[in-house]
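The values are calculated or read from the model by the stated rules, or taken from the named source; none is laboratory data. Since we're looking at a predicted model, the values are computed, not measured. Cβ: placed from backbone, ideal geometry, glycine included. Neighbour counts: every protein chain shown.
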Amino acid sequence: MGYDSAWQDLRWRVGLWVFAVLVGVGSACAAWTLHGLRASGERAANQDVQAIAQSIAQTLAQQLGRAVRLGIPLEELPGVPPYLEATLKRQPVLSALAVEQADGTPLHAVGRPLAPGAVRVPIVAGAAPAGFVAAGTESAAPLQGSQGQAFWISAVAVLGIALAAALWAALRPGARLEAQRRAVLARLQQGRSDGLPPPEGRGHADGLQLVLDTLAQGDDEQRAAHAALQAYAHELLTMDFDGHMRAGIERIVRQSAQDELK
Amino acid sequence: MRLLTRIYAIALLGLLALLAALLLLAQQAQQTRQAELQALRDGHLLRNLRTAAENYLATGLQLEQLEILQQVIAREQAAFAGVVAIDVFAAGGTVLYSTDVGNRGTQVPEGWRTWLARDLPWDSAAPGQRQIGTRFENDLGQAAGGIVVTFSTVPVPLTLAQWYERGQQAVQWLAMLALAGAAVAALLYAGLRQALKPYGDAARVLQGASPPPGVATPLVQAAQAQRAQWDAARQRTQQGMRQLEELDHGV
């Protein structure tokens, strides 16, 4: 992989990495939030859902009890399953409705199998109950709408904020890093020393800034050493009254500056 | 601030914004949920009471004979939190059944009777309370009377358990903030280190260290060449200095 390929562009790398990190960590946070929201929602809904199930079972038990008191046995009562079906369909918090005989054997059941926590109301007709109406509940049912909405909003928030932060990081500090990287490449691979960018900020330098600092320092040292040599040569020349050393001095200076700062 | 610090700051700022958005969303969702639950409760109460009243009327009983309705409204009031009172009144405006026993036989406010003209449920809010109502019909489809459920909207003081739950939630949010911040910083550190490693290697080579084993990237090679050039130049300069000194002293 060449060091001048687009993949090495630090704007891309910084932006993509910031995006990936924020999407990853942000999704975990969002998932945790949604989970907590669902749990607390079910807790909050539970009381209402239980009360509604109780009330529906109570009403059904009263109606069935009246029929039993009029002398119709529970098992011969017509039209019970369709009625249960219609009630279940009307009330989304119910997951199941069943009519059971006095000994607990199911007579009619619609919906899903009854959970252990189902509401059970006796059908009163005389001294002993003639049977039971059982209603299973679904605490999460009334929350489907808001839960789905929360999911989409949080997904958009995670992606939007990650994208914004990634663009910011890529176009501001990322672009400066990329400028440093290009200067380093130009200097090291093509030998051009023009336009080393000024150092960014203060503090301990590493990576690109360290390369730039070291390059500047090395060039400075070389320049200073050469300047010292030239100053020495100039001093000698001023004292060389008859000029017999001039040729030698110029040769020495020329040699030592052979490929100075190409 | 240095460039890398700036990148960390941007990412952590993004994380902070994200968590703030999630917190806002959670609160919004809680409010939506309360509204949804309220609508569910209202709908059920009105429909159930209306169906009960109409069913009893359909059996041929007169409205004044429906003592069983008193049981139904008492049961519903006990079952649902926040229900202050349930009143059943005749089309003439007299309260026939009420969870507030002293209310029976009194006249309902004029407003309630005018609502009877509509087939739809109604609701009205006053400071501290909220009322919903519906009419119920006789066999002829005429309004036989109305049912009004009164809810209290005075906020109930939080119980100790609720305070505890809130505290727990706050601690959980703070823990999430700390964990997520640490994760973002650690991942960014690893990623940036990986991206900048070739340049760090080159810097060390430029400073005179021998290249790390197994690293012979073009960049490191270029750094080695640059280092060698500096060394050669320094040697030449030193040699030139020596030669000049010899000339100087030879004079």
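Go through segment B:209-251 and report how many residues are under 56 Å from the mean Cα position of the chain (by Cα) and either part of a loop (DSSP other than H, G, I, E, B) or more than 7 Å from chain A (Cβ to nearest Cβ) (or both). So the count comes out to 11. Considering segment B:1-19, the residues that are of a type in the set (Val, Ile, Thr) and free of Cβ contacts under 8 Å to residues at least 60 places away in the same chain include one that is nearest to the other protein chains (Cβ to nearest Cβ), namely B:ILE10.
Within segment B:151-158, does at least one residue satisfy the condition of being touching an Asp or Glu at 6+ places or on another chain (Cβ under 6 Å) and under 30 Å from B:ARG75 (Cα atoms)?
Within segment B:151-158, not a single residue is touching an Asp or Glu at 6+ places or on another chain (Cβ under 6 Å) and under 30 Å from B:ARG75 (Cα atoms).
Out of B:LEU46, B:LEU22, one residue alone is more than 7 Å from chain A (Cβ to nearest Cβ) and surrounded by 14 or more Cβ atoms within 10 Å (Cβ to Cβ). It is B:LEU46.
Of all the listed residues (A:SER146, A:SER95), the sole one being within 30 Å of A:GLY26 (Cβ to Cβ) and of a type in the set (Ser, Thr, Tyr) is A:SER146. Output yes when any residue across segment B:104-123 is without any contact (Cβ under 8 Å) to a residue 60 or more places away in the chain, within 27 Å of A:GLN54 (Cβ to Cβ) and among the small types (Gly, Ala, Ser), and no when none is. Within segment B:104-123 (the criterion being without any contact (Cβ under 8 Å) to a residue 60 or more places away in the chain, within 27 Å of A:GLN54 (Cβ to Cβ) and among the small types (Gly, Ala, Ser)), the answer is no, since none of the residues qualifies. For segment A:152-163, which residues satisfy the criterion of being of a type outside the set (S, T, N, Q) and either facing chain B (nearest Cβ under 7 Å) or crowded, with 17+ Cβ neighbours inside 10 Å (or both)? Across segment A:152-163, the qualifying residues are A:ILE153, A:ALA157, A:VAL158, A:ILE161, A:ALA162. Report, by residue number, each residue of segment A:88-124 that is within 24 Å of A:ARG69 (Cα to Cα) and surrounded by fewer than 19 Cβ atoms within 10 Å (Cβ to Cβ). A:GLN101, A:ALA102, A:ASP103, A:GLY104, A:THR105, A:PRO106, A:LEU107, A:HIS108, A:ALA109, A:ARG120, A:PRO122, A:VAL124, listed by residue number.
Residue by residue, here is whether (1) at pLDDT 90 or above; (2) more than 40 Å from the chain's Cα centre (by Cα); (3) part of a helix (DSSP H, G or I) holds:
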residue	(1), (2), (3)
B:PHE89	yes, yes, no
B:ARG113	no, yes, yes
B:ASP119	no, no, no
B:GLN131	yes, no, no
B:PHE136	yes, no, no
B:LEU140	no, yes, no
B:THR150	yes, no, no
B:VAL156	no, no, no
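Let's see how each residue does on (1) surrounded by 12 or more Cβ atoms within 10 Å (Cβ to Cβ); (2) under 30 Å from A:GLU250 (Cβ atoms); (3) assigned by TED's automatic domain parsing to the domain that holds B:ALA81:
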| position | (1), (2), (3) |
| --- | --- |
| B:TRP173 | yes, no, no |
| B:MET176 | yes, no, no |
| B:ALA185 | yes, no, no |
| B:LEU188 | yes, no, no |
| B:GLN194 | no, no, no |
| B:LYS197 | yes, no, no |
| B:SER210 | no, no, no |
| B:THR237 | yes, yes, no |
| B:GLN243 | yes, yes, no |
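From the list A:ALA31, A:ALA39, the lone residue that is without any contact (Cβ under 8 Å) to a residue 24 or more places away in the chain, surrounded by 13 or more Cβ atoms within 10 Å (Cβ to Cβ) and among the aliphatic types (A, V, I, L, M) is A:ALA31.
Would you mind finding the one in B:LEU23, B:LEU69 that is in a helix (DSSP H, G or I), within 22 Å of B:TRP115 (Cβ to Cβ) and not basic (Lys, Arg)?
Values: B:LEU23 fails: within 22 Å of B:TRP115 (Cβ to Cβ).
Answer to the check: B:LEU69.
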